[in-house]
1. Counting alpha carbon pairs within less than 8 Å and at least 6 residues apart, what relative contact order, in whole percent, applies to chain A?
2. So which residue, out of A:Ala72, A:Ala226, A:Ala164, gets the largest mean-square fluctuation from a GNM of chain A using Cα contacts under 10 Å as springs?
3. Pairing the Cα long axis of helix A:19-30 with the longest principal axis of chain A, what angle in degrees results, from 0 to 90 and rounded to the nearest 10?
4. Measure nothing but the geometry: give the 0 to 90° angle between the long axis through the Cα atoms of A:269-283 and the longest principal axis through the Cα atoms of chain A, rounded to 10°.
5. Tell me the label-point distance for the pair B:Asp264, A:Arg55, using the 7 Å Cα-to-Cβ offset, in nm and rounded to one decimal.
6. Ratio of region A:122-265's C-alpha Rg to 2.2 N^0.38 Å, to two decimals?
7. For B:Lys9, list the lysines whose Cα falls under 23 Å from its own Cα; do not include residues on the same chain fewer than 8 positions away.
8. Helix A:66-80 sits at what angle to the longest principal axis of chain A, using alpha carbons and giving 0 to 90 degrees rounded to 10?
Amino acid sequence: MPAYDLNGKVALVTGAARGIGFETARQLHQRGASVAVVDIDATQAREAAERIGPRALGIAADVTDQGAMMNAVATVVAKFGGLDVAVANAGIAPPTVTTARKMPGEEWKRVVDVNLIGAWHTARAALPQISERGGQLVFIGSIYSFANGLLASPYAVSKAGVEALGRALRAELAPLGASATIAYFGWVETDLVRDSLDRKDDGRGARMLGDTLPAFLLKRIPAETAGRAIVGALEERAPRVFAPRVWRYISALRGLLNPVLDRRMDRDAGIAAIVTEAEAAAARPSA
Amino acid sequence: MTAYDLNGKVALVTGGARGIGFETARQMHLRGASVAVLDLNADEAREAAERIGPRALGIAADVTDQGAMMNAVATVVEKFGGLDVAVANAGIAQSRLATMRGISGEEWERVFAAHLLGVWRTVRAALPQIVERRGQMVVVSSVYAFANGMNNSPYAVAKAGVEQLGRALRVELAPHGASATVAYFGWVDTKLVQDAFAQPEAGRLKELSPDLLLKRITPAEAGAGLVRGIEERAPRVFVPKWWRYVSALRGLINPLLDRRMESDAKTAALIRDLDAKSVDTDKVSSPN
């Protein structure tokens, strides 16, 4: 028996129609939980819930709308009698791989709104139930919570913020017997990663990473593996989980490694060329 | 001669009427820079500029208003001919010591927006000049970028974000010969922090921390650290300096400290009291 048995629990996952969110909802359901599949797209939320099976409910809600998230939780409570686990998974990548200087202001702010404020809205909506039932909140951090966010600054900003949010909340929930977990993922085979690294901007994202990271840190994992990491962390009430696992060690050494890596990046001609290329492309009206 | 000579440069400081912002503006001015003192309060901005002397201009601007920040930079360029150094220092000085369950959603988002989006808007307004003149962008983060943000979460969340923005920006500015610096301050002895430490809950929080971590520095020391960082184009500035070592070890010690915090009875008692508290009482300021 795991420390926290998911059988008979009620879970809510945002951004659950696809990718990591869908896999998390599906695997929670397999463990015997009832699941609310929350997505901004109503049709996709419903279809995803149907694919998962009975005890799954599709709910359309935008995480940037606090009222909509409150309503989503109220719907879950009305349908399943309560809420034990909330996974604040919904997230987006910047539509353009470029510098903070060249990224349109609305695009920059939108990423922070969805990834960070969206996680806060989800937490706030779920907290009364989670506190009452000794439940759990899961936040999706990223290796960008600690890696340099060049050409992806709003993503790195939002994921560092999500990490701080999850740590503080875990401390604040401890006296209530509830908990929070942060899941850190590297590259997962999702539309988000494929779009931002491979498809957009002539694969500039992938080339930049190829220039900065050794091959073993570029390995992509399937969404199923990411979902399994989240479910496993829930069963153990773990403070943090990393997939691939190698990132746990990089995170542990972040304070020592980052100043050295950042300095190398400052002086790297290949990186300078990609930054210059990204800025030139963003300046073109069609880019 | 220093690596970056401030003499003859033009600098802008948000939240420049008081505390660290004022000291940073004053000390850059002493080095020969012209300075724009930005503050939310027009009178305080003007008075601070008068206290600093000639080549100082007070400008009223709200960092959460992108248009106002664009106008402020335009005013500086018109008056002084350009902008070389921008220090994104402003934040809401007062915030409540409160749990996420105890704070109102509006308050949380207001504190977050003032710190993170305020820095972002300052950056956006200043960057065209900074890039053109191979200047410097300084973003003021905090030791809360890596310390646990329990009972102070919107501040910690925003400051973690500010750190990531500054790091990314430094790499992105390198090809232009411009740079960015992240500043981390511990507790600075401003009137607001003194009031905060006089607070009953803050007193209890104090009991939970080692004395070393609570040592207060003066705004003048914080400003001096920042100005030195600018003269060296340093990637990071820590005041007090030993926070540099805590930061270096953060990945190793945070999991241990977080775990200790979770199982500490005094911490639990404080959280229970704050949870129970009305969201409208007891204002407590944050460290910078």
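Every number in this text was worked out from the coordinates using simple rules, so none of it is lab data. Worth saying up front: this structure is predicted, and the values here are computed from it rather than measured. Every residue, glycine as well, gets a Cβ built from its backbone with ideal geometry; the counts of neighbours run over all protein chains shown.
1. Over chain A, the number comes to 18 percent.
2. A:Ala164
3. It is inclined by approximately 20 degrees.
4. Roughly 80 degrees between the two axes.
5. Distance between the two pseudo-spin positions: 4.0 nm.
6. 1.12
7. B:Lys79
8. Once rounded, one gets 40 degrees.
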